[in-house]
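Participant: For reference, the structure I am asking about is given below.
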Amino acid sequence: MSEQPNTPLLEAIDLRKTYRMGSVDVPVLRGSSMKLLPGEWVAVLGSSGSGKSTLLHLLGGLDTPDRDGGEVLYKGKTISKLARGARNRYRNREVGLVFQFYHLLPELTVLENTLLPGLVGSGVRVDRERARELLSTFGLDHRLTHRPRELSGGERQRVAIARALLNQPEVLLADEPTGNLDEQTGSEILDLLKKEHQAGLSIVMVTHDRAIAEMADRVVVLHHGQVEQDQSFSIQ
Ligand SMILES: Nc1ncnc2c1ncn2[C@@H]1O[C@H](COP(=O)(O)OP(=O)(O)OP(=O)(O)O)[C@@H](O)[C@H]1O
Ligand SMILES: [Mg+2]
């Protein structure tokens with residue numbers, strides 16, 4: 001790749017996002033900026049309603065900022081200005097998404113859920129071998145043909161992470177990945193993310209738990225849609 005080592009992998013510049021509720025405009029992001037460097041793990045911390053999920057959705061290209069409401073750059077390119085094919089590729093290949101409530105499809109098996117990102121988008125291979133490998137790494141070999149309802153919360157989240165990693169994304173965007181799990185199960189999920197991070201995955205993880213946030217290289221604190229604090233820890 002030709003980009004400079006310090007070019008952020010992902011960058012939010014002065015993002016503004018307003019939701020319209022009836023006749024009232026509700027500003028949710030009010031000029032938020034943040035960077036994710038290659039190989040970095042950034043935690044986004046903030047109270048409920050501060051705009052964390054909204055920010056993550058904009059970073060992942062699931063939603064767009066207001067008109068003239070800033071931009072999201074991936075490797076220096078504005079994602080909203082990419083041609084449709086490149087934008088889809090970004091969403092399907094370059095980023096992986098993990099949600100608090102897993103978002104697995106109930107009628108599909110564990111293996112089929114994991115393979116989903118390989119079924120959408122052009123030019124993506126259905127890599128059953130990689131899906132099996134990931135599920136095996138995550139201790140789910142014996143669960144391949146089970147449905148999500150037969151799994152525990154921690155197992156469901158491991159499937160969701162396997163699914164997010166199927167296409168070998170550069171960035172994992174995780175919205176409170178342990179928010180719905182007990183402490184022990186949550187820490188197993190965090191260990192798993194730590195291993196992926198050590199293997200080179202860049203991560204943006206939303207949480208409202210400061211202790212969890214401090215596992216990251218850097219913590220960005222959102223407050224009423226603005227970045228109140230951006231604190232670096234020493235890179236391990
Ligand atoms: N689609 C939407 N339509 C209208 N308002 C929305 C929408 N999505 C989010 N909001 C509002 O935007 C604000 C920020 O929401 P967001 O989900 O980004 O917060 P959050 O920091 O992730 O909170 P939590 O910690 O509770 O998940 C909230 O007040 C929410 O009600
Ligand atoms: Mg949220």
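Participant: Would you mind getting me the FRET efficiency between H224 and Q184? Use the beta-carbon distance for r and R0 = 25 Å, nearest 0.05. Spell out each step's value before the answer.
Facilitator: Working: r = 33 Å, r/R0 = 1.34.
With R0 = 25 Å, the Cβ-Cβ based efficiency is 0.15.
Participant: Relative contact order (percent) for segment 1-137, with alpha-carbon contacts under 8 angstrom and 6 or more residues of separation?
Facilitator: 21
Participant: Sticking with this structure for a sec: Rounded to the nearest 5, what % of DSSP beta bridges with both residues in segment 73-204 are antiparallel?
Facilitator: 20
Participant: Can I ask one more? What dipole magnitude, in Debye to the nearest 20, does the chain give about its Cα centre under +1 on Lys/Arg Cβ and -1 on Asp/Glu Cβ?
Facilitator: Details: 29 positive and 31 negative charges, 169 e Å.
Computed charge dipole of the chain: roughly 820 debye.
Participant: Which ³J(HN,Hα) values in Hz, rounded to whole numbers, follow from the phi angles of segment 138-151 under the Karplus curve 6.51 cos²θ - 1.76 cosθ + 1.60, where θ = phi - 60° and Gly and Pro get x?
Facilitator: In residue order, the calculated couplings are 8, x, 10, 3, 7, 10, 3, 9, 7, 9, x, 5, 8, 10 Hz.
Participant: Under unit Cβ charges (Lys, Arg +1; Asp, Glu -1), what dipole magnitude, rounded to 20 debye, does segment 17-88 have relative to its Cα centre?
Facilitator: 220
Participant: Turning to a different aspect of this structure: Sequence-distant or interchain residues sharing an amide H contact under 5 Å with V98, placed H: which?
Facilitator: Long-range HN contacts for V98: L173, A174, D175.
Participant: Where a Cα-Cα gap under 24 Å defines reach, which lysines qualify for K194, not counting those fewer than 8 residues away within the same chain?
Facilitator: Once the sequence-local lysines are set aside, what remains near K194 is K35, K52, K75.
Participant: So for the chain, taking the charge dipole from beta-carbon charges (+1 Lys/Arg, -1 Asp/Glu), which of L36, V159, G85 sits furthest toward the positive end?
Facilitator: Selected residue: G85.
Participant: Counting only C-alpha contacts under 8 Å and six or more residues apart, can you give the relative contact order of the chain as a whole percent?
Facilitator: 28
Participant: Work out the FRET efficiency for D63 and E129 from their Cβ-Cβ distance, taking R0 = 30 Å, and round it to the nearest 0.05. Don't skip to the answer; put the middle values down first.
Facilitator: Working: r = 33 Å, r/R0 = 1.11.
With a Förster radius of 30 Å, E is 0.35.
Participant: Whose amide H sits under 5 Å from the amide H of W41, counting only residues 5 or more places off or on another chain, with H placed in the peptide plane?
Facilitator: Those qualifying (amide H under 5 Å, at least 5 residues apart or on another chain) are I203, D217, R218.
Participant: Let me ask something additional. Note down the net charge around L151, summing +1 for each Lys or Arg and -1 for each Asp or Glu among other residues with Cβ under 11 Å from its Cβ.
Facilitator: Working: positive: R143, R147, R149, R156, R158; negative: E150, E155.
That sum, taken over residues with Cβ under 11 Å, equals +3.
Participant: In whole Hz, with x marking every Gly and Pro, tabulate ³J(HN,Hα) for segment 195-205 from phi via Karplus 6.51 cos²θ - 1.76 cosθ + 1.60, θ = phi - 60°.
Facilitator: Coupling constants for segment 195-205: 4, 5, 5, 5, 7, x, 6, 8, 9, 10, 10 Hz.
Participant: Looking at the chain, send over the antiparallel percent of its DSSP beta bridges, to the nearest 5.
Facilitator: Of the beta bridges lying entirely in the chain, close to 55 percent run antiparallel.
Participant: Among L181, A211, A199, whose Cα sits farthest toward the positive end of the charge dipole of segment 172-224 (+1 at Cβ of Lys/Arg, -1 at Cβ of Asp/Glu, about the Cα centre)?
Facilitator: Farthest along the dipole direction, towards plus: A199.
Read-outs throughout are calculated quantities, based only on the coordinates presented, and are distinct from any laboratory measurement. The model shown is predicted, which means the values in this text are computed figures rather than measured ones. We place every Cβ from the backbone using ideal geometry, glycine too, and count neighbours over all the protein chains shown.
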